[in-house]
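Bear in mind these aren't lab numbers, they're just calculated from the coordinates by the rules spelled out. Given the structure is predicted, the values throughout are model-derived calculations rather than measurements. Glycine also receives a Cβ, built like all others from the backbone with ideal geometry; neighbour counts cover every protein chain displayed.
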Amino acid sequence: MDPVSDQLRVKLELFEGPLDLLLHLIRTQHIDIAAIPIAKITRQYLETIRIMKELDLDIAGEYLVMASTLILIKSRMLLPPSSQGDNDESAEVMQAELVRRLKEYEVFKEAGQHLHHLEQERQLVCARPTDEIETDVHTEWVIEASLVDLLKSLRDILDRKQDLPHHVVRSKPVSVRSRMSAILKILSERGSVIFRDLFSECDSRQDIIGTFLAVLELMRLQAIRARQRKMFGDIRLVAYRPDEVAGT
Amino acid sequence: MRERFFSLCEALLFVSPEPLPDTVIRDLLIEEEPAVADVFDTLFDDFRQWITRREGGVMIVRVAGGWQMVTRPECADAVSRLKTRRQTARFSRAALEVLAIIAYRQPITTPEIETIRGVDSSGVLKNLLDKKLITILGRKKGPGNPLLYGTTDQFLIAFGLDSLETLPDLTEFEELIPRDGPSPGLPFGERSEAMENESEEKITDEDD
């Protein structure tokens with residue numbers, strides 16, 4: 001058995017998938033990633049899978065898919081170019097795609113390591129635990145508005161705009177999705193918005209309902225919070241994490 | 001006014017478990033002391049310098065777009081002995097990979113993440129959602145309308161980042177990768193092994 005396989009015996013659990021395993025095989029043998037000796041790597045890869053089976057490790061389906069890809073590339077390389085059907089990708093194309101994926105994955109693997117360093121650094125400092133004190137950046141608006149409050153507010157808005165048409169024909173229908181992004185945009189610009197003000201430019205009941213549904217959906221997704229200064233008071237919508245909305 | 005400003009800033013940062021954005025500190029202080037409005041930025045810089053010079057047990061760091069009071073790294077050992085729940089590495093390699101992919105490629109769907117990693121990532125994603133490190137940003141238009149994920153402020157805080165822009169450019173990682181030379185083996189795996197050993201030692205210490 002070649003020495004690579006021996007090393008693998010102890011490190012199997014550490015692989016994050018077929019790409020990770022392939023990278024390991026390539027890197028430990030100092031092979032140029034752009035010129036992978038497919039036959040050799042395929043043999044080592046299959047040998048690893050065999051050891052994994054021997055050790056009764058769960059072999060995810062992805063490992064087997066990669067195995068068949070490697071075998072396919074290897075077999076296509078053996079065929080003279082003329083005998084390949086026009087629809088089949090050539091071994092070179094398949095190998096180039098594999099190299100592209102390996103390189104892409106490797107970059108993110110490095111990025112993950114970087115995050116690991118950052119996490120270790122951050123763990124050297126300690127902030128107050130988050131669950132100890134409820135704070136809110138809009139300190140005055142401390143009461144969490146309930147669905148009942150929101151519905152009551154919606155009723156007021158609808159009452160005040162009774163003369164609005166139920167439906168306005170538009171080139172594009174009002175989607176809840178677009179309403180959601182509009183609300184998030186307002187919040188990222190202003191930090192917060194009075195619930196009632198969201199509806200000031202609505203010109204149909206359909207429009208109002210759409211905006212209302214968008215608010216409910218954003219609350220469900222925990223993107224925004226609805227807050228009141230006092231019970232039954234105005235409702236103010238604040239971004240759940242104001243900076244994140246601005247940052248994206 | 002200066003002393004009052006310093007004590008108010010310190011008090012606010014001490015109490016807040018979340019990073020406080022400048023605007024919030026500013027608003028709260030102006031309410032207390034309207035004269036602060038014109039000189040806030042200068043005074044706040046002075047305050048930070050004052051905290052640094054004092055070399056106390058805490059410092060003020062910039063994280064997730066705000067300011068947070070944290071203990072100094074020099075105190076890490078003592079602080080960690082005080083805490084009942086030991087912090088070991090909280091993120092598996094899989095979690096870190098997925099977080100890295102989301103951080104750089106957001107908004108991104110599960111299939112897109114799995115294509116890059118070459119392996120099923122749904123379990124990791126669920127775990128990260130539960131920990132509120134990632135969030136659903138919406139749905140991608142297309143077959144099946146898959147959910148789009150992005151990182152949260154919680155993510156920035158966990159990794160001590162001010163914003164996503166503080167992360168190095170992806171090309172910098174490419175440069176770190178040896179193109180044909182020897183690999184340092186599996187530094188990641190070895191490190192986590194080392195950390196496991198360390199935590200084991202700590203446990204035996206406790207038993208003594």
Exercise for the section: Evaluate the relative contact order of region B:1-114 (contact order divided by residue number), counting alpha-carbon pairs under 8 angstrom at least 6 apart; express in whole percent. Expected result: 22
Fill in the blank from the handout: Both in Å, the radius of gyration and Dmax of the C-alpha trace of region B:2-82 are 13.2, 44
Exercise for the section: For region B:1-143, state the semi-axes of the equivalent ellipsoid (square roots of 5 times the eigenvalues of the alpha-carbon gyration tensor), sorted largest first and rounded to whole angstrom. Expected result: 39, 22, 11
Problem - Two-site FRET efficiency, residue A:78 against residue B:147, from Cβ-Cβ distance with R₀ of 35 Å, rounded to 0.05 - result: 0.20
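Write down Rg/Rh for region B:93-177, rounded to two decimals, with Rg from the C-alpha atoms and Rh from the Kirkwood relation over Cα pairs.
0.96
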Exercise for the section: Enumerate the calculated ³J(HN,Hα) couplings along region A:63-76 in order (Karplus 6.51 cos²θ - 1.76 cosθ + 1.60, θ = phi - 60°), each rounded to whole Hz, writing x wherever the residue is Gly or Pro. Expected result: 5, 6, 4, 5, 4, 5, 4, 4, 5, 4, 4, 4, 6, 5
Problem - For residue B:63, distant residues with modelled amide H under 5 Å away - result: B:68
Exercise for the section: Within a 10 angstrom radius of each residue's Cβ in B:18-24, how many Cβ atoms of other chains show up on average? Whole number is fine. Expected result: 4
Practice task
Given a cut-off of 24 Å, name the pairs among A:109/B:141; A:109/B:83; A:40/A:103 whose C-alpha atoms lie farther apart than that in the structure shown.
Solution key: A:109/B:141; A:109/B:83
